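Worksheet: one structure, shown below.
The values are calculated or read from the model by the stated rules, or taken from the named source; none is laboratory data. Just so you know, these numbers come straight off a predicted model, no measurement behind them. Methodologically, a virtual Cβ is constructed for each residue, glycine included, from the backbone with ideal geometry; neighbour enumeration extends over all protein chains shown. Note: areas computed on protein heavy atoms with side chains; ligands, DNA, RNA excluded. Shrake-Rupley method; radii C 1.70, N 1.55, O 1.52, S 1.80 Å.
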Amino acid sequence: MVCITTVGRLGMLVDAMKACAVATPPAATLIELIVVDNDIAGTARSTVEKFAANNPLPVTYAIEPRRGLAEARNRGIQLGLERGARWLAFIDDDSQPHPDWLDRLVSALRSESAKLVGGSNIFEAPKAPMTAWQKFVCQGLVDGSYRRYRRQRDRVARDKVTIVTGNWCADLHWIKDKALRFDQRYSATGGEDTAFDRSMRATGAKVLFVPDSIVVETVPVARISLRYQFKRLMMSSITKYNHYRRARGPAFALARALPQGILALLAGPPLFIVSAILAIVSPRPGALFLVRTSRLVGKSIGALGGAIGLKSELYNANHGYADEADQAANRRNAW
């Protein structure tokens, strides 16, 4: 069973559902689709119903009225259990998985006796109009995602990669037996999937990364800026170090964060200068280096913030869902 959580991005949702409809079924397995609409108004209902009427793929539609990432994904777990599914996969509504993505995940669950597996997420540029600067930043984001994919693909210890919900599949029997759910404390901050990864490992579950299971994500125009990339990594790092404070104590969190924070303050300005010069001399590597620098500095500053108790507000503004360019694309693409 595949679950897509969505809020208002109807055109992207249709494309994601179409990708699920043509996915290669794992051996002796039927693919069913769950769409969890995290909008109490049910804005995706008619889109999902029209898709279901024109496709053989069984589709279950549900509204999760409590707004939040964890709430929506927990509703997906609940529906998967109610439907008697053995495996549950998550992708996002802005995703285009490769046809064999699910087959690779389920094959790893079966052959490796794993309980949670995940694959690679690669970025692609949006179809919506962009400024020249946005195209430059977007190139850095896309190239960075391919660089990360190559690095993870060649990584030997694939049980050390954190599994995130953009490309995620788990054994529902194990989840039921261990009474596991996504932690609602992370609903507005992000990080609920990394917390779930930790919870699975704590139960003794085998967790594996499957690099050649590939999902392609369209980057929303609202996220194509150095400011957003800086803030996103800063907020994610705040969440990570909030967890360290709870689990290991403030002293541990601060001791771990302090070197990163000092490095960011000292190295950040020179790195931005070098990035700007490189962008002029060679735009494509310059874009990659500039985006990486923004994310690295944001991550380091966020570590300090989280260590001293600041809270993330990453998803409070719901970035990427209310962007005008995305909404225009939705209107063009919706049923």
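Quick look at the numbers
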| item | result |
| --- | --- |
| Residues of segment 140-163 satisfying the condition of being outside any helix (DSSP H, G or I) and either surrounded by 18 or more Cβ atoms within 10 Å (Cβ to Cβ) or modelled with pLDDT under 90 (or both) | ASP154, ARG155, VAL156, ALA157, ARG158, ASP159, LYS160, VAL161, ILE163 |
| Residue count for segment 111-154, restricted to those that are among the polar types (S, T, N, Q), without any contact (Cβ under 8 Å) to a residue 24 or more places away in the chain and more than 26 Å from ALA222 (Cα to Cα) | 1 |
| Residue check for GLY76: closer than 29 Å to GLY8 by Cβ, open to solvent by less than 10 Å² (accessible area, probe 1.4 Å) and touching a residue at least 12 places away in the same chain (Cβ under 8 Å) | yes |
| Close pairs from segment 267-280: first without any contact (Cβ under 8 Å) to a residue 40 or more places away in the chain, partner surrounded by fewer than 17 Cβ atoms within 10 Å (Cβ to Cβ), Cβ under 8 Å, at least 6 apart | LEU278/PRO285 |
| Residue within segment 146-166 that is more than 18 Å from the chain's Cα centre (by Cα), closer than 20 Å to ARG292 by Cβ and not basic (Lys, Arg) present | yes |
| Single residue of segment 178-196 satisfying the filter (at pLDDT 95 or above and out of contact with any Asp or Glu (no Cβ under 9 Å at 6 or more places or on another chain)) that is surrounded by the fewest Cβ atoms within 10 Å (Cβ to Cβ) | ALA179 |
| MET12 vs. criteria buried (at least 22 other Cβ atoms within 10 Å of the Cβ), over 24 Å from THR203 (Cβ atoms) and at pLDDT below 95 | yes |
| Close pairs from segment 9-37: first over 25 Å from SER107 (Cα atoms) and touching a residue at least 12 places away in the same chain (Cβ under 8 Å), partner among the charged types (D, E, K, R) and part of a helix (DSSP H, G or I), Cβ under 6 Å, at least 6 apart | VAL36/ARG75 |
| ALA170 being surrounded by fewer than 21 Cβ atoms within 10 Å (Cβ to Cβ), over 14 Å from the mean Cα position of the chain (by Cα) and at pLDDT 95 or above | no |
| Residue check, SER120 in contact with a Pro (Cβ under 6 Å, 6 or more places away or on another chain) and not in a loop (DSSP other than H, G, I, E, B) | yes |
| Residues being of a type in the set (Asp, Glu), part of a loop (DSSP other than H, G, I, E, B) and open to solvent by less than 40 Å² (accessible area, probe 1.4 Å) - total across segment 15-42 | 1 |
| Hits in segment 93-117 - residues which are outside any helix (DSSP H, G or I), within 19 Å of ARG155 (Cβ to Cβ) and open to solvent by 20 Å² or more (accessible area, probe 1.4 Å) | GLU112 |
